[in-house]
Amino acid sequence: MDRFRIKKFRYLALAILFLITPMAGTSLAAEYWLQAANLNKTMPDGQVIPMWGFGQCTSGFATCDPPTVPGPELVVPPGDNNLTVNLINNLTGLFVEPVSIVIPGQVPTLAAGSWPTWTDGTTGNRTSLTQRVRSLTYEAIPGATRIYIWNNVKAGTYLYESGTHQQIQVPMGLYGAMRKDAGAGQAYTPTATNPNTTYDSQVTLLFSEIDPAINNAVATNNYGPGKVMTSTNDYKPKYFLINGEPFSPGRGAISPTPAAAVNDAVLIRFLSAGSLDHVPVLHGSHMEILAEDGNLYPFSKQQYSLLLASGKTFDAILTPANAGYIRVYDRRLFLTNAAASPGGMLTYITVGAANQLLTVTKAGTGTGKVTTTNLPGGINCGLDCTENFVSGTMAGLKATPDAGSQFAGWSVDASGTDPTTTVTMNAAKNVTATFTGGAVGGAITLTSPNGGEVWQRNTTQTITWTYTGNPGAYVRIQALKPTGFPASVTFRTPIGANGSGSFTWRIPRFFGRTGNDIKLKISVTTNATITDMSNDFFTLNP
Amino acid sequence: MNKMTKQRIVILLGLIATFLLFSTAPGLARIQGITKASPNPVFNLTARTGFISADDGNSIFMWGFADGDGLHNRGRMQYPGPTLIVNQNDNVTVNLTNQLTVPISILFPGQDGVNAQMVTGTGNLGLLTLEANPGETVRYTFQASQPGTYTYYSGTRPELQVEMGLFGALIVRPTMGANFAYNHADSAFDREYLFVLSEIDHRFHQSVRFGRTNQIDNTAVFPVYWFVNGRAGFDTVTRDFYPLFPHQPYGSFARMHPRERILVRMIGGGRDLHPFHLHGNHHRTIARDGRLLKGPADQDLSFLAFTTGVAPGQTFDAIFTWTGDNVGWDIYGHAVDNPPLGNFPGPEDVCLDPTPQEAAVEDMGDHCNPIPVLLPDNKDLTFGPFWSGSPFLGSAGSLPPGEGGFNPTSALFFMWHSHSEKELTSNDIFPGGMLTFGAVEHPSVVIP
């Protein structure tokens, strides 16, 4: 957000400079300095994905921002026909290779003989039958820089991506959005039959996927001829991203720039850097689809859905009739993070001012988390405990205690002890969730049988124990002999209350462990290290 | 056992087709569904479990919508859900009662301003819309402001619940009249048929059946069954509400007369794109996602295609017409070898006049032109169930005993199917899957 604003001011400043120096002979040129570098991206389920991404640098690569997926948005101002990207290859690790930049749909300025790059590293015409194309353009080898220039930039929405070894470099994360408007607030030069190309605010939705198997194979140098993974033939993505993130309860809505008001023309730029087809569906209104792959249609199309294939871009105008959140999701139903639901390609576009602040506070001796359960998400407390909502939004909250803690209730602007509650955001609201209990830990001591008892099969006996602290909610009990496997007495029974517990054991008629050398073992189901055994053998007669 | 059942089905089909022939139902074919009184129709839907039959004999556990009033399909869970048919500008109410064990909801993509409120219970706000917990009832209301073909489906864990069968069709009829799809003369039709396309990965259904929903990895989905209106080929050609398919009430057998305008409503019900291919002629795609393909000054943006890529959640409307024009020979077989000298077409052979019904639709430029091949002898032919024994429309030729039982009216059969050929199977068995037929009937045949 700040970056956008700074960029905008930068262009504004440049534009003013340009206006007051009309004698300047060359036209204004958009110039970017990008690095390609490694990053680790953490998925909502904790899986850490090794990725490659683009990061923005200052002029001359003096300093570089960390890489992101997708990379920074490349913006070419209206009226500017030139784009220059300086690229430095900062990839490190067990496996590195040259990278490059292409923008499908934009014609680059390339010297004769400088492209493509063959598998032997040479460029230009093919000179040997063993050569195969490795890169669609010239490359920046690891540690080196190259300059990529486009001198006739067309208006529209485009994907930029690495042009080298694309089958892994694109899944690794080397992609981003590039855009140029035909005029201020005007996506394309309008035509008589497709006249409504101006917009009040805009938002980019870039769809992509991650198959952790491919990324891990590349990062560990296990990808390539003769290695563990020889191709992307078995590509089977597990994570489905919009603007680099899969859905999770803590992910808030996406705000157009500037914020969209009711009846504004909101330009939505759809891009796909993934390898599968997706079908974004927008709820609430049909959109006017203006353009495809940076080409204005002869006529716009009215659709609530869009077949978004790999590498494609679309521009659509949405005119929301109500404040709130426009639901966007992939109707191909990639709506999980691996097997976990909800997740995947689900997000919300904010319409109206998101200015009602919800603040969640946790209190009490116990621990737990509070998450939003409904659209548009945004709270995942303790990581993210505040979120601004459009006035009138019903925010559903759910309290989930950690093991050993209990949820005790809501207070301040919510009440009750049900773990779910609803807060109507018609004003700033504060909600406190109280958890009782405490940190998991403590000890358990088996008190009977503790050695010397004589029990009989097919009778009922009582097993007792004591515990201190907060070991966990349930215990399991097993019978052991010095040799052989343990036999289960119970898989799961409550630990009891106030420091002691018991289990009534109806000893089965054919219980498989008998003799005078039996011990019982009790352990906490959630933490097997908290455990105890009978101090000595007892007897279980057949 | 399966084979016996199949044979029984074959015989029954023949009988039914014969009954269809003599049926005297008035009017033209209409899509089956629930209709309620305008302008405030109230639909009561109930979500419950059931089993459907695949054509390989498999029974698949499903979640589906049912008519909560117990009338449509006797209130049984059905796949796909009941087709809701309303009129433009109706204030539509859908009450959804949840008889499943998980929260559910309904989304109406393409409808503006859908309101949701609980009728009984507290519900869940939900990620996409208000949800009914088990035992609860939620109410959705909206104004069907624009005519067209739409879909509805679950908005709660859609990746599981759509797979399990919680989707259906919504048809909004225009103010212009009953035989228009939209408020435009170009959308006029004589008959209409609905094709809801879907697929199933039956392993997921088994997991749900055995209470192991948590073992389902949605990213590992691999469908092996494909359906048109919830039935796999050739179950698709049996009539609506056929008793052998208590949970799959909708057929998709498109019968038509020459020159009739057939409105083909296509809906992507599942999660994959299906290239739906109509043999016999190109069709003119006139609308997508419930919007007529027209420019701002009424420019015609419709287009001809012989395959429509029906993406999931999308809807398409197309006009299909079969004329028999310009084929170069008389499809009604008015020229005959008479006297039968075996020299057809010979100089003494007779050219018959068309019947008045034939004359109304015949391309007279081809009248009495002989078919440009010598018809092979029966013993040189391979027979199929839809072959009548004659190349001429409405003319039942000679067939060996036991052949041709599916086509007593001697119609021209065209396979309408997914052009992703893999989808013409049911769990690896061909033929089956996403496969049905369009049949051109002789003008004298009454189509209900």
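FYI, it's all coordinate maths here, none of it is from the lab. If you're wondering where the values come from, they're calculated on a predicted model, not measured in any experiment. Every residue, glycine as well, gets a Cβ built from its backbone with ideal geometry; the counts of neighbours run over all protein chains shown.
Taking only Cα atoms, what is the 0 to 90° angle, nearest 10, from helix B:2-22's long axis to the longest principal axis of chain B? The answer is roughly 70 degrees.
Calculated mean residue ellipticity at 222 nm for chain A: -1500 deg cm²/dmol, from DSSP H runs with n ≥ 4 weighted as -39500 (n - 2.57), summed, divided by the residue count and rounded to 500. Tell me, rounded to the nearest percent, the portion of alpha carbon pairs in chain B spaced more than 35 Å apart. Cα-Cα pairs of chain B separated by over 35 Å account for 33 percent. Less than 5 angstrom separates the built amide H of A:Thr539 from those of A:Gly452, A:Glu453, A:Val454, A:Trp455, all sequence-distant by 5 or more or on a different chain. Counting only cysteine Cβ atoms and a cutoff under 4.7 Å, chain A contains no unmatched residue. Please tell me which of these pairs span more than 26 angstrom C-alpha to C-alpha: A:Lys398/A:Lys521; A:Lys362/A:Lys429; A:Lys41/A:Lys312; A:Lys238/A:Lys312? In this structure, A:Lys398/A:Lys521 exceed 26 Å between Cα atoms. Note on A:Lys369: aspartates and glutamates with a C-alpha under 19 Å away, same-chain residues under 8 apart excluded, are A:Asp45, A:Asp384, A:Glu387, A:Asp402, A:Asp413, A:Asp418.
Once the chain from A:Ala184 to A:Asp517 is taken as fully extended at 0.36 nm per residue, the excess over their C-alpha distance is 111.2 nm.
Across region A:323-331, coupling constants 3J(HN,Hα) worked out from phi with the 6.51/-1.76/1.60 Karplus curve, θ = phi - 60°, read 6, x, 10, 7, 7, 10, 8, 8, 6 Hz, and Gly and Pro carry x. For the protein assembly as shown, a/c is not less than 1.5, where a ≥ b ≥ c are the root eigenvalues of the C-alpha gyration tensor, and a/b does not top b/c. That puts it in the oblate class. The orientation-averaged projected area of the convex hull spanned by the Cα atoms of region A:354-437 comes to 4.5 nm².
Straight-line cross-link reach from B:Lys422 at under 16 Å between alpha-carbon atoms covers these aspartates and glutamates, not counting any fewer than eight positions away in the same chain: B:Asp55, B:Asp56, B:Glu199, B:Asp201, B:Asp272. Cβ crowding within 10 Å, taken as a proxy for footprinting-reagent exposure, orders B:Arg48, B:Arg173 from fewest neighbours to most as B:Arg48, B:Arg173.
Legend: translational diffusion of region A:369-417 by Stokes-Einstein, Rh = Kirkwood radius over C-alpha pairs, 20 °C, 1.002 mPa s; D = 181 µm²/s.
Principal-axis analysis of the Cα atoms of chain A puts helix A:2-20 at an angle of about 10° to the longest axis. Taking R0 as 41 Å, what FRET efficiency do you get between B:Arg203 and A:Val133 from their Cβ-Cβ distance, rounded to the nearest 0.05? In this case the efficiency is close to 0.55.
Across peptide B:311-322, the mean count of Cβ atoms from other chains lying within 10 Å of each residue's own Cβ comes to 4. Shielding of peptide B:209-220 by partners, expressed as the average count of other chain Cβ atoms within 10 Å per residue Cβ, is 4. Annotation: extensible slack from A:Gln461 through A:Thr422 equals 9.3 nm (criterion: 0.36 nm per residue apart, minus Cα-Cα distance).
Computed from backbone phi with θ = phi - 60° and the Karplus coefficients 6.51, -1.76 and 1.60, the 3J(HN,Hα) list for region A:357-362 is 8, 9, 10, 9, 10, 9 Hz; x is used for glycine and proline. In percent, rounded to a whole number, the relative contact order of region A:354-437 is 40, using alpha-carbon pairs under 8 Å and six or more apart.
Modelled spin labels at B:Gln99 and A:Leu94, positioned 7 Å past Cα toward Cβ, are 5.6 nm from each other.
The mean sequence separation of alpha-carbon pairs under 8 Å and at least six residues apart, normalised by the residue count of region A:124-191, gives a relative contact order of 29 percent. Here the Debye sum runs over all C-alpha atoms of region A:2-187 as equal scatterers in vacuum, and log10 of I(q)/I(0) at q = 0.08, 0.09, 0.13 Å⁻¹ comes out as -0.28, -0.36, -0.72. Out of every Cα-Cα pair that chain A contains, those further apart than 39 angstrom amount to 44 percent.
The alpha-carbon of A:Lys519 sits under 23 angstrom from the alpha-carbons of these lysines, leaving out residues fewer than 8 places away in its chain: A:Lys481. Approximating the spin labels as points 7 Å out from Cα along Cα→Cβ, the B:Thr122-to-A:Thr468 distance works out to 4.0 nm. For the protein assembly as shown, the dipole from Cβ point charges (+1 on Lys and Arg, -1 on Asp and Glu) about the Cα centre works out to 3360 debye, to the nearest 20. I need to check one value: relative contact order of chain A, counting alpha carbon pairs closer than 8 Å and at least 6 residues apart, in percent. Taking the mean separation of contacting Cα pairs over the length of chain A, I get 9 percent. Measuring r between the beta carbons of B:Leu71 and B:Thr213 and using R0 = 30 Å, the FRET efficiency lands at 0.40.
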